[in-house]
Amino acid sequence: MPYTVTPTVIPEVLILDPKVFGEDRGFFFESFNLRDFSSATGLDVRFVQDNHSMSTHGVLRGLHYQIEHAQGKLVRVTEGEVFDVAVDLRKSSTTFGQWTGTVLSADNRHQLWIPPGFAHGFVVLSERAQFLYKTTDYWFPEHERSLLWNDPAVGIDWPIDFVPQLAAKDAAGKPLAEAECFV
C-alpha cells in the first residue's frame, strides 16, 4: 500500500503517510495518486485546484472554510514545519465544534485529509514553511469565512508561546457561537 492511513480523533480527518523510497542520493515518493488515495482511504474525491503558500515563522492562516462550495483539502508541507488544525463545523456531526491537529513537516512528509464541512488553518513553527494543498472545489471569495483561531469554545491547543501574525480577515474571525455552520 503506498499510503499508511491513520484516523485522527475526528475519524473523517485522516493522516496519510506516503511510502518513501530513500537511498544515498535522496528519496522519491508519489505525493498523490488518485487510484492509491481512493484505495487507501475509501474516498471518491475529485481535486480541481492546487494551492501553494509560503509563510514565515509565527504566521497563522485560518481557520478558513467556504459556507457554499465547501472544500475538501489534502494538505502537506514541502519545506519547514506547521501545526495544522481542522475544526468540525457540521451541526449534525457528533464531533461538531471539536478540533484535531497534527504537525506536518518536510521531514515527516505526512499529509492531512480535511473533508468538506471543516474549518482549516495552520501556524508556522519553523523559520518558514512551504504549504501545498489540493481542493475538491474552487475558491469562491464571496463564500469564504473565518472561524476565530483562539475561540475558547473550540479550545485549540496551539503549540505556540508567541502572538501569531494574522491576516485582517483571520483576526476578525467569528467565534463558533456566531459562525455560519453546515447542516
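Taking (1) in contact with a His (Cβ under 7 Å, 6 or more places away or on another chain); (2) under 13 Å from VAL13 (Cβ atoms) in turn, HIS143 satisfies each apart from (2). Selection of first residues in the range 99-125 that are surrounded by fewer than 19 Cβ atoms within 10 Å (Cβ to Cβ) and of second residues that are among the hydroxyl-bearing types (Ser, Thr, Tyr) and in a strand (DSSP E or B), restricted to Cβ pairs under 8 Å at least 6 apart or on distinct chains, gives the following pairs, ordered by first then second residue: ALA106/THR78.
Quick one: would you say GLU68 is of a type in the set (Asp, Glu) and at pLDDT 95 or above?
Criteria met by GLU68.
Here PHE27 passes the criteria (1) assigned to a strand (DSSP E or B); (2) in contact (Cβ under 8 Å) with a residue 24 or more places away in the chain; (3) on the phi < 0 side of the Ramachandran plot except the one numbered (2).
Restricting attention to the range 139-175 and to residues that are of a type in the set (Gly, Ala, Ser) and part of a loop (DSSP other than H, G, I, E, B), the residue that is surrounded by the most Cβ atoms within 10 Å (Cβ to Cβ) turns out to be GLY173. Of all the residues in the range 33-43, those that are assigned to a loop (DSSP other than H, G, I, E, B) and either in contact with a strand residue (DSSP E or B) (Cβ under 6 Å, 6 or more places away or on another chain) or at pLDDT below 90 (or both) number 1.
What about GLU12, is it of a type in the set (Asp, Glu), in contact (Cβ under 8 Å) with a residue 24 or more places away in the chain, closer than 28 Å to PHE96 by Cβ and surrounded by 13 or more Cβ atoms within 10 Å (Cβ to Cβ)? Considered against the rule, which asks whether it is of a type in the set (Asp, Glu), in contact (Cβ under 8 Å) with a residue 24 or more places away in the chain, closer than 28 Å to PHE96 by Cβ and surrounded by 13 or more Cβ atoms within 10 Å (Cβ to Cβ), GLU12 comes out as yes. If you check every pair at least six apart or on different chains, which have Cβ atoms under 7 Å apart with a residue in the range 166-177 that is under 7 Å from LEU148 (Cα atoms) first and a residue that is assigned to a helix (DSSP H, G or I) and among the charged types (D, E, K, R) second? That search, which allows pairs on different chains as well, returns nothing. Taking residues in the range 66-93 that are within 22 Å of ASN108 (Cα to Cα), and partners anywhere that are acidic (Asp, Glu) and assigned to a strand (DSSP E or B), the pairs with Cβ atoms closer than 9 Å and at least 6 places apart or on different chains are VAL75/ASP84; VAL77/ASP84.
Scoring GLU178 on the criteria (1) exposed (fewer than 13 other Cβ atoms within 10 Å of the Cβ); (2) not in a loop (DSSP other than H, G, I, E, B) leaves a single failure, condition (2). Only residues that are surrounded by fewer than 17 Cβ atoms within 10 Å (Cβ to Cβ), more than 21 Å from SER126 (Cα to Cα) and out of contact with any Lys or Arg (no Cβ under 9 Å at 6 or more places or on another chain) were counted across the range 46-78, and they come to 3.
The values are calculated or read from the model by the stated rules, or taken from the named source; none is laboratory data. All values derive from a computational prediction rather than experimental measurement. Cβ coordinates were reconstructed from backbone atoms using ideal geometry, including for glycine residues, and neighbour counts include every protein chain displayed.
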